[in-house]
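Read through the structure below, which is laid out as structure tokens, and then see the notes.
The values are calculated or read from the model by the stated rules, or taken from the named source; none is laboratory data. Because the structure is a prediction, the values reported are computed rather than measured. Backbone-built Cβ (ideal geometry, glycine too); neighbour counts: all protein chains shown.
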């Protein structure tokens, strides 16, 4: 009898211990949660997308560099393959820097002040004019839409391009230009057109201000090379 009681006691103890162990595992598995505000969530999500894009870009660059290395390793004695690849890279970099003229599909946008009949000699008249800030906004939208090469009145837009207000003129690449402003952008013509004409982009606000806006797709947009030289007088390579 005593043996039966001992067995029952051991059996019950095993059941209790098993339940406690399973509860502990269940509780541990739940872990801890961190609750984010909407702003924190948006920041975290944007950072995640940024990291994913950077990883994707690094993978693409790794693939390109690995292919180049493979070509270099099987190069002939005269190094012709290396020379060819270097020339290709120089041409691609000069295209990005705007040092060579470019042609391709894209869009052509014309911006002009409102019709003279709409001016009433009031404060609101200034909103019917095209300002340098308007041009900058349109340029930013084009770049965000994927434009690969841009010009304004046949002046190439590059990284060092300035867009200043100079009285009734705009100053671009140290050259003064007046309205109408013809902006040419090379890129996927349909994507650029749809992007620029979307409600959240700047062209729509210009239209509401009665600024004359015209945008057309074009299969052969021509963008000239930059018309100014750049040199570094004070900046030196850090070693």
Residues to consider are 173, 132; find the one that is closer than 23 Å to residue 224 by Cα and modelled with pLDDT of 90 or more. 132
Report, by residue number, each residue of region 149-183 that is more than 17 Å from residue 129 (Cα to Cα), within 23 Å of the chain's Cα centre (by Cα) and surrounded by fewer than 17 Cβ atoms within 10 Å (Cβ to Cβ). 159, 160, 162
Testing residue 228 on (1) more than 23 Å from residue 93 (Cβ to Cβ); (2) not assigned by TED's automatic domain parsing to the domain that holds residue 109, one condition comes back false. Which one is that? (1)
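Here is a yes/no grid of residues against (1) surrounded by 12 or more Cβ atoms within 10 Å (Cβ to Cβ); (2) modelled with pLDDT under 85:
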site: 37; (1), (2): no, yes
site: 56; (1), (2): no, no
site: 100; (1), (2): yes, no
site: 114; (1), (2): yes, no
So residue 110 ticks every box in (1) within 25 Å of residue 216 (Cα to Cα); (2) in contact (Cβ under 8 Å) with a residue 24 or more places away in the chain; (3) over 21 Å from the mean Cα position of the chain (by Cα); (4) surrounded by fewer than 13 Cβ atoms within 10 Å (Cβ to Cβ) but one. Which box is left unticked? (4)
In region 205-222, what residues are surrounded by 14 or more Cβ atoms within 10 Å (Cβ to Cβ), over 18 Å from residue 185 (Cα atoms) and touching a strand residue (DSSP E or B) at 6+ places or on another chain (Cβ under 9 Å)? 206, 211, 212
Subset of region 191-201, residues surrounded by fewer than 16 Cβ atoms within 10 Å (Cβ to Cβ) and out of contact with any strand residue (DSSP E or B) (no Cβ under 8 Å at 6 or more places or on another chain), comes to 191, 194, 198, 199, 200
Going residue by residue through region 197-217, is there one that turns out to be at pLDDT 90 or above and within 21 Å of residue 98 (Cβ to Cβ)? no
